[in-house]
Number of protein chains: 2
Amino acid sequence: MAKRIKVAADLSTEEKIKEAARKVFQQKGYAATRTRDIAEEAGLNLALLNYYFRSKEKLFELVMVEKMQKLFGVIAVILYDTENTLETKVELMVTNYIDMLLEHPDLPIFVLSEIRNNPGRFPGNLPLGDLMRNSRFATQLREKRPDLHPMQLIFSILGMVVFPFIGGPVFEGAGLVDKPTFARLMEERKKLIPVWVKAMLESG
Amino acid sequence: MAKRIKVAADLSTEEKIKEAARKVFQQKGYAATRTRDIAEEAGLNLALLNYYFRSKEKLFELVMVEKMQKLFGVIAVILYDTENTLETKVELMVTNYIDMLLEHPDLPIFVLSEIRNNPGRFPGNLPLGDLMRNSRFATQLREKRPDLHPMQLIFSILGMVVFPFIGGPVFEGAGLVDKPTFARLMEERKKLIPVWVKAMLESG
DNA sequence: ATTTTTTTTAATCATTTGATTAAAAAAATC
DNA sequence: GATTTTTTTAATCAAATGATTAAAAAAAAT
């Protein structure tokens, strides 16, 4: 009989733990997560967690870095972009962000609430600050509307894009939108928000 | 010598505990809060917590109800309003909400993340659902823009108002805005957002 | 003043939880 | 195939934590 070639091998133990950690940490938050939850989710012995990653904290940091990169990465791409017009950039940012959030709807609330619960753990590490201030994007905003602080527009764009995902559970819990409707609305928003932003930039 | 009349008496023990609970729960979240933290913050013996409120959970629920009322109350007021025009309602909502959030900046992230971490604890209790669907506000939105799902506008208005407070810590941590600037921007937003919403409603 | 009730305290319990250890099992190396 | 190294397991530890208890202190009622 044909020798079974090792195909689609199981994830390594290390990766199984990380995968379980991503899931459980995101679902319950750092403080409410017990290392035993992660071990069980991974179907592995508890001690393996400390064997591969020294501690709950270290494992969490690993997961958290990934999540933060995912959450802030989309913005960074737009900021680095020196080619496109402001209008195109807004379109790109909105579309990319919504697509990412449709795949990871509870990413923002997770990251933001962990930062909030333990600000000390995440020192002003993000190079997002200067980047955002000195980006071509910020300059373009200033050119178009020198009377407006760029953050006013960034808050608004991000708010319109991200808030539905943060508030989602509440609105779904209240029976205001079901999951398929929500997805449809978010698709629609990819077109709506850029139009709205344009209208905002031309107002006042 | 004049008999000292009992003036500005200390808070009752019960109220001291609640006050401390509000502070600590909000700061660290339910799971990361130890009953000892609350007792210490209140300057009281640990056992008093269980004497006045049966358990950590019961005390938390009490605090949480208050916070949710504060967070959703502002919206309810607007929904019940049958007098004002859509335009005025938007102005009222934005102003009231921003004023409230300036006083309680970390209310939204707290409530939303606790709901997220433990959706089971908060059953579809909010009567906000039908209220919002059948409100005069929703009707007014539909009249003005029948082509738009009302939630598209509600998501946008709430997003523009609430998001800066949810994302605040990140932007401050990144050195993008300092506290006084933030407050100034939020004051400015009370005028900006209604204008923007008007522009949005007239766009497309 | 005495008794009764309410409030507060210190000490302690039982469980949970992150982490460790020593030994077994599996894999790799020689 | 024996030896060494890596991986996994079961058992256990020590600290933390929510809760209880019995007694003391304070306040209220009689």
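Points to keep in mind about this one:
- Of A:67/A:179; B:28/B:179; A:190/B:58; A:67/B:191, those spanning more than 31 Å from alpha-carbon to alpha-carbon: A:190/B:58; A:67/B:191
- Accessible surface ranking for B:195, A:74, 1.4 angstrom probe, highest first: B:195, A:74.
- Whole-angstrom gap from the range A:36-57 to the range B:61-75, using each part's C-alpha centre: 37 Å
- Among the chymotrypsin sites (Phe, Trp or Tyr not before Pro) in the range A:111-165, none is located in a DSSP loop while being surrounded by at most 15 other Cβ atoms within 10 Å of its own Cβ.
- Number of partner chain Cβ atoms within 10 Å, mean per residue of A:141-154: 2
- Shape box of the range A:35-142 [Cα atoms, principal axes, largest first, Å]: 54, 28, 22
- Remark: label point of residue B:133 defined 7 Å out from Cα along the Cα-Cβ vector; separations to the same position in other copies 4.9 nm, ascending.
- In nanometres and ascending order, the distances from the residue A:188 label point to those of the other copies are 3.2 (point 7 Å from Cα along Cα→Cβ).
- Over chain A, DSSP H runs of length four or greater, each weighted -39,500 (n - 2.57), average out per residue to a 222 nm ellipticity of -24500 deg cm²/dmol.
- Approximate spin-label separation residue B:104-residue A:102, in nm, with each point projected 7 Å along Cα-to-Cβ: 3.5 nm
- Chain A: angle of helix A:13-32 to the longest principal axis, Cα-based, in degrees nearest 10: 60 degrees
- The range B:13-56: relative contact order in percent, alpha carbon pairs under 8 Å with at least 6 residues between: 36 percent
- Using the 1.4 Å probe convention, the accessible area of the protein assembly as shown works out to 50 Å² per residue with neighbouring protein chains retained.
- Charge dipole (the protein assembly as shown, unit charges on Cβ, about Cα centre) - positive-most of A:76, B:148, A:146: A:76
- Once C-alpha pairs closer than 8 Å and six or more residues apart are averaged by separation and normalised to the residue number of chain B, the relative contact order reads 21 percent.
- Whole-percent carbon and sulfur share, accessible surface of chain A, 1.4 Å: 53 percent
- When the Cα convex hull of the protein assembly as shown is projected onto planes of every orientation, the mean area is 28.9 nm².
- In a DSSP loop and with at most 10 other Cβ atoms within 10 Å, the trypsin sites (Lys or Arg not before Pro) in the range B:18-78 are B:54.
- Summing Cβ point charges (Lys, Arg +1; Asp, Glu -1) relative to the Cα centre of chain A gives a dipole of roughly 460 debye.
- The range A:184-199 and the range B:83-126: distance between their alpha carbon centers, rounded to Å: 23 Å
- Kirkwood's formula applied to the C-alpha pairs of the range A:56-108 gives a hydrodynamic radius of 12.3 angstrom.
- Sorted shortest first, the separations between the residue A:51 label point and its copies elsewhere in the assembly read 5.0 nm; each point sits 7 Å from Cα along the Cα-to-Cβ line.
- Computed Kirkwood radius, in angstrom, where 1/r is averaged over Cα pairs of the range A:10-53: 10.1 Å
- For the protein assembly as shown, the residue among A:107, A:177, B:119 whose Cα projects farthest onto the positive side of the dipole built from Cβ charges is B:119.
- Rounded to the nearest 10 square angstrom, residue B:55 shows an accessible area of 40 square angstrom against a 1.4 Å probe.
- Principal axis extents of the Cα atoms in the range B:64-202, from largest to smallest and rounded to whole angstrom, are 43, 38, 24.
- Chain pair A, B: total accessible area buried, heavy atoms, 1.4 Å probe, Å²: 4900 Å²
- Compared with the dominant principal axis of the Cα atoms in chain B, helix B:179-202 is inclined by about 30°.
- DSSP-assigned coil residues among GluC sites (Glu not before Pro) in the range A:4-96, each with at most 13 further Cβ atoms within 10 Å: A:83
The values are calculated or read from the model by the stated rules, or taken from the named source; none is laboratory data. What you are looking at is a predicted structure, and each value in this text was computed from that prediction instead of being measured. Counting neighbours? That spans all protein chains shown, and the Cβs are built from the backbone with ideal geometry, glycine included. SASA here: full protein model, heavy atoms, side chains in, ligands and nucleic acids out. Shrake-Rupley method; radii C 1.70, N 1.55, O 1.52, S 1.80 Å.
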